[in-house]
Each structure stands twice: as C-alpha cells, then as structure tokens.
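The values are calculated or read from the model by the stated rules, or taken from the named source; none is laboratory data. Keep in mind that what you see is a predicted model, and the values were worked out from it rather than measured. Reconstructed Cβ throughout: ideal geometry from the backbone, glycine too, with neighbour counts over all protein chains shown. SASA here: full protein model, heavy atoms, side chains in, ligands and nucleic acids out. Shrake-Rupley method; radii C 1.70, N 1.55, O 1.52, S 1.80 Å.
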Amino acid sequence: MQKNWVDWLKQKLEDVSIHLEDSVLSSEKAIFIQPTDLLRVATILRTDPEAKFDFLHSITGIDLKSDLLAVYHIYAISRNERIILKVKIPKDHPMIDSVAHLWPSADWHEREAFDLVGILFHNHPDLRRILLPDDWEGHPLRKDYVPPDYYGEFPVPANLKDRIKRPTN
Amino acid sequence: MTQYSEQNQKYVIPTEDNDKFLLNLGPSHPAMHGILQNIVELDGERIIKSHPEIGYCHRSFEKLAESYSYNQVITITDRMNYVSSPANNVAWTLAVEKMLGIEVPKKVAYVRVIFMELARIMDHLVSMGILGVDLGAYTGFLYFFQQREKIYRIIENMTGARLTTAFGRVGGLERDIPKSFKKDVYDFLQGFPKTLNEFHKLLTRNRIFMDRTRGVSPISKERAIQYGFTGPNLRATGVEWDIRKVYPYSCYEEFDFEIPIGIDGDVYDRYLVRMEEMNQSYKIIKQAIDHLPDGPWHADVPHVVLPLKRDVYSNMEAMIFHFKIIMHGINPPVGDYYFSIESPNGELGVYIISDGGPNPYRVHWRRPCFYYYNAIEELINGGLIADAVACISSLNVIAGELDC
C-alpha cells in the first residue's frame, strides 16, 4: 500500500471502526471492518475521486469455525494499488450488504459465497445458488458440513464421502 | 433461506400477445464451449434478454483441495482450464512457494516461462481456431492444430501426459528436462511463424470474417474494468494491464516483450490481440530457450522436494526427508496469501489460507472466465443469435475453469 488508506478512511469516516488486525489468518496487512460499515467503506472506496478503487478482484467466503469471514481484494487499476478488506460475520446471522451495484463483478461472486459458504447478501439483485443445484441442502465449504447420504434418489458413494471429509489431526 | 429460491421461474413465457421466442442454448450444444447454458429470449433473430446459467461442470475443487496435500492439488489445477494446464500448474506451485519463501533456481524459472508461454500459444491456437470454426471458417483450425500437436509433443516428453500435465512440483520441477527438449522447442519455433502468417492470410483481412466480427459485442474500458475483465479481453478494450509487467513473477522482467492492446473491445479486437500475443509469446520462448541456464532442476529445500528414489534407498538423510514429506506433508506457515499470474485467459489468482497443516485450510481460485460469463448478458443483449456464438468463443469461456 503506497498510501496509508487506513488513516485516510479513518479521516473520511470518523464513526467507523477500522483497524489493521494481525489475526491468525492474515500475513498481509488487511483492513478489518464491521459488517454494518461495509457498504459505507466500499462506497467511499469506489466512488471517491481520490480513492477510485475500480476493480474488484475477488470475494472469498471463509468459514473460521467461530465466525464467517468475507475477504475483498480491491484494486485501483490505474495506480496498481491493492487493498484487502476483511469482514467478520457472525454465524447465527450471516448477513452483510451486497456491493454488486458498485462493482458488477461482485454479482456472481456473492452468489458463489452464498452458495458454498452460506453468507447472505442484503440487497443482492438475484441471490440464488450458482454452482450447485437449486435443491441442494447446506453449504459445502462450511467446516461442519456433513455430506448427504442421498442426493435425490442417487446414493452418494461412501469413498467419496470419506474423501470430502476433512481429516482432523 | 427459502426466501431466495422462489425466483426460479423468472423467464417470460411466450404467449399470443408477445411474439417472443424462448430458446435454450446448451448445456450441451455444439456452439457452446463446454457445458454452458444460456436461455435467451428472442424477437426474431435478435436477443432481447439472456439468462446465463453455470454449474453444470462443477466438481467442487475448492472443497476437494481442502483434503489434498499441497502437491496433490496440482492435479486439480489441470482440470480447470484444460486447454492450457501448464499455466494453472505453475500458478499453484508459485503461490505455495511464495508462502514457503522458496527461491527456485533460474533454470526452473526459465523452463516454467517456456511452458507457460507454450500454454498461452496453445490456448490462443484453440480459441482462435474455434472462433473461425464458429463463424464457418474451418480451414484455419486445421493449420493451428498441426502446431498444437507439436506443443503437445514437447509437453508429453516433459510430463508424460498431454492434457492433464501436472507440470512441476512445489520447489522445482518433477524431473530434469529431457535431452530432446531444446531440439523439440527449436523445431516448434521454426515452423510456427509460417503457420501464424498463413492463418493471418486466411482470416485477418477476410471480408466475411471482418463483417462478422467488427463491432460485434463491444465493451468499453470502464465497463470491462468494472466487470473484472483481465487478460486479452481487457487489453482488447485498450487497457494496458498485464500481470507479467505489473507484478513480474518467474523472471518475466528479464524478457523483452510488448503488450498488444486493442481499441474497441469487440470480437475482432480480441482476435487481433490474441494473434499478436502469440507472436510475443514466440519472442519470449526464443529468448528463454536461447539463454536457458544450466543448473539444478529444483531448489535446495530437502523438507519440500522429494528426494530421488535411489537416494532414499541408500542415503539416511534422504530417507528421513522422504518419510517426513510423505507422512507430514509440506506445512506452510499460518496465514493467507493471494498470488496471481497472467494465465492465457486472464488473471488466474490463487488465494490460499493455511492453518499450518499439510492441507490448505481454504483455497479460492480467481478464475478469469467467471467474470467474462458474468458480463455475457450485457455483451449479447440486443445482438443477433449468430453473434452471440462469436462473442462466447472470442471471450474464450471454458466451462472447466468457470465452474471449477
């Protein structure tokens, strides 16, 4: 990060709690924000003429066992600058705001994160499953996901079930 | 969560009042590249609205990777973009090497560059050959497949496989380059420019081809960036963005090459950009093979690279490392890491989260096709149905990568 975007954000949005967290899962410096602040932070990063982060690289949903985590990799393509936003989402109410109206590339990414990890995106234009069939139950990339015995009338092979279970040490 | 499943029925059903026609393109259709589905609402031959659906080729690679060791995941990446698998393999190995802090010898980096550029040529040969086929020009395709066969021979000599290459390992290559490697590459380089020229003569100034591609499904710079376009499809709109130049990896900063860019971002520009990229790849391979350094074929990291089998049987240390790698695996430090390369199709990113164990905690692939197919609705709406086919093949959407 050439410019200190954390300080810049703190200056612009005074009542938003923003901090750099050296958590267990981040070796690169990432900006942690609260789920309720995501939309405001994303909007200012996208629309402010000084920031203008116009390129959303990817949204990754992660299950941290206690919480869910959404990671946003955002670029400013004209300046080669990258910023990483991380949002911790409580598991009992996994809902955050959608950013699909800011970056169209977020549209399918949010559907993917909903499909596989089970994060709900508020105000998403069309939040359906994208990779799995519509009648699939559960979100496979959750760590507590148990593979089903049957999908419809097709039995799931036992060796396949063993393989997709994560081996615990 | 049932509140979201009620939208399944969202297509306009044709009635007597509206003379719309609902056409289901795919998932299995000769003009679709792999198993993609696109349900289009037609007014005559013009597309009013399209509803792209994906997921027919989903093999849950991200879930599977969580139970594989770091070297086993390489075999998964083969199956993503199966047209240019060496590039995917290298993306993964480089990402894990960055996490472990391994610096590979120069020879390895050069061989990887040669294979990645061969993969780029291979990918563009297929996609541009198929673009011609989709528009009714079958001949060029055969010219290109002749060259593709030569590349496959090089890859087969190196890895033992043609399509699912599993090229390279974390920390280096799988084995040393074969004796015939240099000769094979020079053989290919000798014949390639001629074929490229012949293809140019067949299509580039062909009146029918130009009429069918110029001004078809254009996208502006700004929209392409917002949609997350990368690679040749972004460069066709005029944005000079190439990971090889912006964040060089694997010694790319040592090679002299240019980034071709287009103007309009239509099918014809994508075609021209890809054609010129093949020329640039040819230049890179020539430089790399001319200056291919000697040296070991893996980094000196015994806790990551498996020792030779004959050492395992005769050498105590080698046996210990062999045992440790097989039983405990490679253990990158705790943390997350995002790494991306310029794959033939665009920016292929790997986001790995490690909990210090032998398997990744979570893997996320940033697949370039995912963004192209997201934008397909905007690109083909209002156009003719025959143009939609040209658009999809010029974007080079590959289902294996899209669905992952």
Result for interface chain B to chain A, accessible surface buried in total, 1.4 Å probe, Å² to 100, stands at 4800 Å²
Sorted largest first, the Cα spans of the range B:276-326 on the principal axes come out in Å as 51, 20, 15
With the convex hull built on the alpha-carbon atoms of the range A:94-134, volume per residue in Å³ sits at 55 Å³
Using alpha-carbon positions, the gyration tensor of the range B:271-374 gives root eigenvalues a ≥ b ≥ c; with a/c under 1.5 called rounded, otherwise prolate if a/b exceeds b/c, else oblate, the class is oblate
Carbon and sulfur atoms account, in whole percent of the 1.4 Å probe accessible area of chain A, for 51 percent
Restricting to aspartates and glutamates and to Cα separations under 12 Å from B:Lys221, and discarding same-chain partners fewer than 8 apart, the set is A:Asp54, B:Glu240, B:Asp264, B:Asp266
Within the set B:Pro232, B:Pro302, B:Pro360, GNM on chain B using Cα springs under 10 Å gives the largest fluctuation to B:Pro302
Yeah, the protein assembly as shown with a ≥ b ≥ c from its alpha-carbon gyration tensor (a/c under 1.5 is rounded, else prolate when a/b outruns b/c, oblate otherwise) is rounded
To the nearest Å², the heavy-atom accessible area per residue of the protein assembly as shown with 1.4 Å probe amounts to 41 Å²
Per its Cα gyration tensor (rounded if a/c is under 1.5, else prolate when a/b beats b/c, else oblate), the range B:93-137 is best filed as oblate
Buried by partner chains in the range A:84-114 (accessible area down by at least 40 Å² vs chain alone, 1.4 Å probe, heavy atoms, protein only) are A:Pro104, A:Ser105, A:Trp108, A:His109, A:Glu112
Over all pairs of different Cα atoms in chain A, the reciprocal of the mean inverse distance gives a Kirkwood radius in Å of 17.4 Å
Between the modelled labels at B:His200 and A:Gln11 (7 Å from Cα along Cα→Cβ) the distance in nm is 5.1 nm
With all protein chains present, the range B:131-207 has a carbon and sulfur share of its accessible area (1.4 Å probe) in percent of 50 percent
In whole percent, the fraction of accessible protein surface over the range B:218-300 that belongs to carbon or sulfur atoms, probe radius 1.4 Å, stands at 48 percent
All alpha-carbon distances of the range B:189-289, grouped into 5 Å bins from 0, give the whole-percent distribution 2, 13, 19, 20, 18, 15, 9, 3, 0
Taking only protein heavy atoms and a 1.4 Å probe, the highest-to-lowest accessible-area order of B:Thr164, B:Thr213 is B:Thr164, B:Thr213
When all Cα-Cα pair distances of chain B are considered, the percent exceeding 40 Å is 20 percent
Residues of the range B:204-233 that bury at least 40 Å² of accessible area, probe 1.4 Å, when all protein chains are present rather than the chain alone, are B:Ile225, B:Gln226
Expected sort for B:381-389, A:8-16, B:275-283 on mean C-beta neighbours within 10 Å, highest first, is B:275-283, B:381-389, A:8-16
Beyond 19 Å (Cα-Cα) in this structure, taken from B:Lys107/B:Lys286; B:Lys63/B:Lys98; B:Lys182/B:Lys245; A:Lys10/A:Lys91, we find B:Lys63/B:Lys98; B:Lys182/B:Lys245; A:Lys10/A:Lys91
